[in-house]
1. Just give me the residues in the stretch 89-121 being of a type outside the set (A, V, I, L, M) and closer than 19 Å to Ala4 by Cβ, in sequence order.
2. Being open to solvent by less than 40 Å² (accessible area, probe 1.4 Å), within 26 Å of Ser208 (Cβ to Cβ) and either within 16 Å of the ligand (Cβ to nearest atom) or touching a Ser or Thr at 6+ places or on another chain (Cβ under 8 Å) (or both) is the requirement here; does Leu112 meet it?
3. Any chance the stretch 342-358 includes a residue that's of a type in the set (Lys, Arg), over 18 Å from Ala100 (Cβ atoms) and out of contact with any strand residue (DSSP E or B) (no Cβ under 7 Å at 6 or more places or on another chain)?
4. Would you point out which residue out of Ala139, Ala148 is out of contact with any strand residue (DSSP E or B) (no Cβ under 9 Å at 6 or more places or on another chain) and either within 16 Å of the ligand (Cβ to nearest atom) or part of a helix (DSSP H, G or I) (or both)?
5. So Leu171 clears everything in (1) assigned to a helix (DSSP H, G or I); (2) within 16 Å of the ligand (Cβ to nearest atom); (3) not charged (D, E, K, R) except one condition, right? Which one?
6. How about the stretch 348-366: which of its residues are in contact with a helix residue (DSSP H, G or I) (Cβ under 7 Å, 6 or more places away or on another chain), open to solvent by 50 Å² or more (accessible area, probe 1.4 Å) and either among the charged types (D, E, K, R) or assigned to a loop (DSSP other than H, G, I, E, B) (or both)?
7. Between Pro105, Pro156, which is assigned to a loop (DSSP other than H, G, I, E, B) and open to solvent by 10 Å² or more (accessible area, probe 1.4 Å)?
8. Sort out which residues of the stretch 176-197 are open to solvent by less than 30 Å² (accessible area, probe 1.4 Å), within 10 Å of the ligand (Cβ to nearest atom) and touching a residue at least 40 places away in the same chain (Cβ under 8 Å), and write them in order of number.
Amino acid sequence: MRIAVLKEAAPGEARVALVPDVVQRLTKSGHQISIQAGAGLAAGSTDADYEKAGARVHGSRAEALTGAELWARVRRPSGAELGEAPEGICIVSMLGVEPAETLVPALAARKLSFLGLERVPRITRAQSMDVLSSQATVAGYKAVLLGAAELGKLLPMLTTAAGTLAPAKVLVLGAGVAGLQAIATARRLGAVVAGFDVRPAAAEQVLSLGATFVGPEVSADAEAEGGYARAQTAEEQAATRAALAAAIPQQDLLICTAQVPGRKAPVLVDAAALATLRPGSVVVDLAAETGGNAEGTRAGERVVLGGVVLLGPVQLAATVPLHASQMFARNVLALVQHLATKQGALNLDPQDEITKPMLVTLNGQVPGGSSR
Ligand code: NAD
């Protein structure tokens with residue numbers, strides 16, 4: 001299979017879809033890799049590293065794409081980028097928060113196939129291809145560092161000649177992949193950490209990381225298909241907010257990670273709860289792009305409300321590009337291995353358990369539907 005990787009064009013995007021270590025594995029299995037010069041620099045990989053791994057490095061985007069069958073990307077392509085794609089190739093990429101359907105006319109025009117990486121099914125066999133998990137791991141870690149840097153306090157307890165400092169208190173809302181990593185990171189930095197989620201399995205995981213669990217009784221049916229949370233009923237939402245209202249005033253740092261796939265993020269910290277935080281407290285809201293868990297969060301912005309700092313970072317994993325790309329590339333490798341026939345050819349089977357949910361288009365057509 002001939003695979004192309006270009007420099008990501010989205011502003012602030014420093015990740016790259018394949019790293020040299022993964023390129024080496026692919027070339028060893030007989031695949032041919034074309035890289036645009038400079039594609040990996042922001043993630044710490046030079047053109048020489050890629051060449052040593054067996055890739056061919058090309059000076060222009062068009063050259064890197066010539067003859068490619070698969071274009072591996074991190075971020076959703078723009079209309080202009082789709083126009084660069086050779087007719088009939090397959091694009092593997094994240095879709096982002098915009099609906100996938102809006103890409104279809106441009107994909108149909110060039111008979112492109114498109115696999116949306118966020119649509120990897122949450123089954124054990126596909127776990128190694130799950131970019132949502134790998135990138136959420138990075139984001140959860142970095143969220144705590146952002147919060148710690150913004151806070152006017154140290155996180156650990158310190159006993160010094162100048163007196164004893166009490167540890168900071170951190171509450172993590174949503175204990176999925178990002179939340180559990182945030183809990184572990186805040187614990188490593190010495191904070192007193194609590195976690196909250198609506199899924200019963202999450203409660204056990206929070207406790208196993210040495211944090212306490214806050215919130216109302218979790219209901220046994222709060223987990224939907226694929227391990228995600230379902231949306232809460234109005235009564236459940238009220239109970240959640242009441243329980244959190246009791247816990248929030250003591251906190252220094254809130255890390256918000258609660259999401260429900262395909263929906264607006266649940267509001268867990270409303271204006272009244274925010275007003276109970278002491279001035280100087282910090283909220284890092286990883287759900288900002290889908291509306292935020294805290295009222296007043298704005299995606300990509302730093303907002304100060306009553307002395308409380310609200311950070312709404314987007315694409316946080318892109319700020320740790322080396323490790324985020326390493327994990328992303330491993331996910332792409334696992335997917336390529338799944339898509340390749342024994343002879344190494346690309347096989348997009350619209351009936352396959354993993355490929356089927358990921359396919360936005362197959363040769364420009366929406367599988368089982370029309371192309372527009
Ligand atoms: P996510 O990003 O969709 O949501 C983050 C967390 O927010 C989840 O834990 C969710 O329960 C929680 N949440 C949603 N609504 C909430 C509310 N009102 N109040 C509090 N919390 C709320 O989910 P995620 O982190 O990607 O993963 C969720 C689960 O899926 C995890 O348990 C993870 O281990 C599992 N998972 C399974 C696979 C697999 O089997 N292949 C892969 C990845 C993740």
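The values are calculated or read from the model by the stated rules, or taken from the named source; none is laboratory data. In this text, all values refer to a predicted model and were calculated from it rather than measured experimentally. Reconstructed Cβ throughout: ideal geometry from the backbone, glycine too, with neighbour counts over all protein chains shown. The protein model used for the area step is the full one, side chains on, heavy atoms only, and it has no ligands, DNA or RNA in it. Shrake-Rupley method; radii C 1.70, N 1.55, O 1.52, S 1.80 Å.
1. Within the stretch 89-121, the first condition is being of a type outside the set (A, V, I, L, M), and the residues that meet it are 90, 93, 96, 98-99, 101-102, 105, 110-111, 113-114, 116, 118-119, 121.
Once the filter is applied, which keeps residues that are of a type outside the set (A, V, I, L, M) and closer than 19 Å to Ala4 by Cβ, the stretch 89-121 yields Cys90, Ser93, Arg110, Lys111, Ser113, Phe114, Gly116.
2. no
3. yes
4. The conditions single out Ala139.
5. Condition not satisfied by Leu171: (1).
6. The answer is Asp349, and nothing else.
7. Matching residue, one of Pro105, Pro156: Pro156.
8. Listed by number, the residues that qualify are Gly176, Ala178, Gly179, Phe196, Asp197.
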